[in-house]
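Down below is the structure, laid out as structure tokens.
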There are 2 protein chains.
Amino acid sequence: MADRRLKDVIFYSLESASKAYRRFAQARLSAAGIDITIDQWLVLKTIHESADITLQQVGAAVFKDFASVTRIVQLLERKGLLCRKPHPSDGRRSELMLTKSGESVVRTVEPIAQGNRRQALDGIDAEEVARLRAVLKRITENCDAPR
Amino acid sequence: MADRRLKDVIFYSLESASKAYRRFAQARLSAAGIDITIDQWLVLKTIHESADITLQQVGAAVFKDFASVTRIVQLLERKGLLCRKPHPSDGRRSELMLTKSGESVVRTVEPIAQGNRRQALDGIDAEEVARLRAVLKRITENCDAPR
DNA sequence: TACGCTTCATTGATATGTCAACTACTTCAA
DNA sequence: TTGAAGTAGTTGACATATCAATGAAGCGTA
């Protein structure tokens, strides 16, 4: 069998690509003078996209544990990009909304993120990306399947 | 453009699959009563594979920061799976080697790891895996390219 | 041989991942 | 209407990721 050694294991390539993209994107953000992490960006963007979302839903959307989301939201609040108000109809939740400054970060980062993706996918055509997406979906499902 | 929303971004699928597999594999290890983390396993296996390796090389092999490797090695030492001796010819390094108990963990985990991979790749044929590997490699290179 | 430069490794600070315990609020049914 | 079960969120403990600073050992060259 060919995958005796770690470097031949496909999940190695997966980690490798995932981490490489993460570092790359983070470097670009920092270079643009934007003081947030990739994960903070993902959370910010998710909240921006969906009105009246719960932290749990944010977590599900970004594949993060709820505990992590709680902390990231606290950081975003501290940085003045996000604010929370008590939710009008459910006392357990809070209403999440971007501040002016949060909105402005989203507008700044969006084109950077697009450029990052374009560069990371250089030389890979749309069909290949679609195939990649399908395989990754299958892997995710295989792993998440209850047993 | 279709990837306005986060969930349409391919790197999302990448994170998703990577995290799903990680959680899946970790659960299998724990279920087998093996008290190490996935990352500790990767480091242990790497050292097992390569005689006389430096921590830097270990880090490169598992896509980890050297600082992380240092800490993981400390944990593996504390668990009695790994031991370090002063390196005979280079005073900066130490010689890394598995203990009896470390060897035994490797023998126990190896078949589990193979089973995990088999299950995670269920329904994905070898050709597709090869294609996946190639695309991931390209992405990694695109991101690591100096600029 | 002494100096600077590089390499290997460690440590500190902060952010995140994961699991588990816990609080507070809601809902629903008896 | 009250008590049990469920839901949203927080926090603690530990492991890892990343960056920066540091220490310690080797190496090259004047």
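A few points about this structure:
- Residue among A:Arg93, A:Arg118, A:Arg84 that is of a type in the set (Lys, Arg), within 13 Å of DNA strand D (Cβ to nearest atom) and more than 22 Å from A:Asp35 (Cβ to Cβ): A:Arg93
- Residue that is hydroxyl-bearing (Ser, Thr, Tyr) and surrounded by fewer than 19 Cβ atoms within 10 Å (Cβ to Cβ), where the choices are B:Ser13, B:Ser68: B:Ser68
- In the condition set (1) within 11 Å of DNA strand C (Cβ to nearest atom); (2) under 30 Å from A:Val135 (Cα atoms), B:Ala61 is compliant with all but (1).
- For the stretch A:1-16, filtering for residues that are within 16 Å of DNA strand C (Cβ to nearest atom) and in contact with a Leu (Cβ under 7 Å, 6 or more places away or on another chain) leaves 1.
- Whichever residue in the stretch A:82-100 is part of a loop (DSSP other than H, G, I, E, B) and within 12 Å of DNA strand C (Cβ to nearest atom) and, among such residues, is nearest to the other protein chains (Cβ to nearest Cβ): A:Arg93
- Any hit, the stretch B:1-21, residues being closer than 20 Å to A:Ile10 by Cβ, within 16 Å of DNA strand D (Cβ to nearest atom), touching a Cys at 6+ places or on another chain (Cβ under 7 Å) and not small (Gly, Ala, Ser): yes
- Leading residue by the ranking (farthest from DNA strand C (Cβ to nearest atom)) among those in the stretch A:24-56 that are within 19 Å of A:His87 (Cα to Cα), away from chain B (no Cβ under 13 Å) and part of a loop (DSSP other than H, G, I, E, B): A:Ala51
- Extreme residue, farthest from the other protein chains (Cβ to nearest Cβ), among residues of the stretch B:101-123 that are farther than 30 Å from A:Asp144 by Cβ, in contact (Cβ under 8 Å) with a residue 12 or more places away in the chain and of a type outside the set (Asp, Glu): B:Ser101
Rule-based calculations on the coordinates, nothing more; no lab input. Treat the numbers as computed from the prediction; the structure is a model and nothing was measured. Counting neighbours? That spans all protein chains shown, and the Cβs are built from the backbone with ideal geometry, glycine included.
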